[in-house]
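> The structure follows.
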Amino acid sequence: MRSPLTGRLGLAAALAFVLALFGLAPAASADPAPAALSFSTSSATTTPGGTVNLSMTITNNKTYDIWFVYQTIDPTWLTTQRPDLKYSFTGCSLATASGSTPCSGTGPANLGGNYGATIPPGQSRTVTLTLQVAADSGCNGNIGFYSYYYAEFSDSSSTSGGPAYTPETRVLCA
């Protein structure tokens, strides 16, 4: 004797197959993150004594303003394992509609204040750090960073993300 449960499961599977075949099945939505952090560098390589600009852009994907951003940036583990790589951040600027302005935050380890207050919905802010490689730095090593961020919105919600990794800069010797 056949079980009524087997018949029901078969009917449900057949119905699900037909719905999926004709595109009527519920689709998974791919909503963007409330805020997104992206990175770029002015160059993939540099030489001892050279500089590279590391740009970080935070984008507000919500329908509310971002009121507050906190972001950290630290060297990757592989970067810290190369004591011959010598570098430092020597500058910081915020891109604005009227040009570039110096950062107002507490420095490269805590970048949150550098993005400027209030990022309206759909807009972005870009902070650029200047990475100076020392003239006596070692060669054939990659300098990379990772970052965590936290953002608060005007609707009292918040989001956090990370680790987000920057592109690596390779130090070459001529």
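> Could you order the peptides 128-134, 81-87 from most to least packed, using the average number of other C-beta atoms within 10 Å per residue?
Values: 128-134: 19.1, 81-87: 14.6.
Result, highest mean first: 128-134, 81-87.
> Same structure, new question: Name the residue from V69, S154, A97 whose Cα lies farthest towards the positive end of the charge dipole of segment 49-174, charges +1 on Cβ of Lys and Arg and -1 on Cβ of Asp and Glu.
Projecting each Cα onto the dipole axis, the largest value belongs to A97.
> Relative to the Cα centre, what is the charge dipole magnitude of segment 74-174, using +1 at the beta carbon of each Lys and Arg, -1 at the beta carbon of each Asp and Glu, and rounding to the nearest 20 debye?
Numbers: 4 positive and 6 negative charges, 37 e Å.
Computed about the Cα centre, the dipole is about 180 debye.
> Just the Cα atoms of segment 49-134, one point each, no solvent: what log10 I(q)/I(0) does Debye give at q = 0.14, 0.25 Å⁻¹?
With no solvent term, the Cα-only Debye profile gives -0.54, -1.25.
> Can you give the FRET efficiency to the nearest 0.05 for S98 and D136, using r as the Cβ-Cβ distance and R₀ = 35 Å?
Working: r = 39 Å, r/R0 = 1.10.
That gives a FRET efficiency of 0.35.
Quick note: the coordinates plus some simple rules give every number you see, no bench work behind them. Since we're looking at a predicted model, the values are computed, not measured. Virtual Cβ from ideal backbone geometry, glycine too; neighbours counted across all protein chains shown.
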